[in-house]
Structure formats: C-alpha cells, structure tokens
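Read-outs: derived from the displayed coordinates by stated rules, not from any lab. Please read these numbers as outputs of a predicted model, since none were measured by experiment. Cβ placement follows ideal geometry from the backbone for every residue including glycine, while neighbour counts extend to all protein chains displayed.
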Amino acid sequence: MPVIEIKLWEGRSREQKAEIARRITDAVVEVGKTAPENVQIIFCDSAKSDWAIAGKLSDE
C-alpha cells in the first residue's frame, strides 16, 4: 500500500489538493500497478516560518 506524504507551504486550496491527489494517484496506479484504493496521500501544510532553506527561514 503506497503512502505518499506531500509537504507544502500552507495556502493551497482544497481544489488544488484534490487535483494533486488525483494526478499522483493516477501515476502510482499506472506505474506501480496497484489499485486506487490502495494509494494514500497525506498533505502536511507548514507555515513559511516553519521551513528553512539554506539556513534562512522561508518567510524572510
């Protein structure tokens, strides 16, 4: 059972997440030869202030 975790900055709409989930599920089903009901996707939204790149908080 594939479990996919997607980490994003907060702010994506429900519709955007639904589209992302649909497309990723389709790809995993096609390439991984599994059924859609076996694919789980977890969205983890983070504030930019909780994320750092190259030693700097992303909200700077």
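Dipole orientation for segment 3-57: of the candidates Ala18, Val29, Cys44, Cys44 has the Cα lying most toward the positive pole (charges on Cβ; Lys, Arg +1; Asp, Glu -1). Relative to the dominant Cα principal axis of the chain, helix 14-32 is inclined by about 50°.
Placing a pseudo-label 7 Å from each Cα along the Cα-to-Cβ vector at Ile42 and Arg12 gives an inter-label distance of 1.5 nm.
Treating r as the C-beta distance of Glu19 and Ser49 and R0 as 30 Å, the FRET efficiency rounds to 0.70. The equivalent ellipsoid of the chain has semi-axes of 28, 12, 8 Å, largest first, where each one is the square root of 5 times an eigenvalue of the Cα gyration tensor. Between the amide H of Ile4 and those of Gln40, Ile41, Ile42, distances stay under 5 Å, these residues lying 5 or more places away or on another chain, with hydrogens modeled in the peptide plane.
Where does the chain land at 222 nm, in deg cm²/dmol rounded to the nearest 500, when only DSSP H runs of n ≥ 4 count, each adding -39500 (n - 2.57), divided by all residues?
About -11000 deg cm²/dmol.
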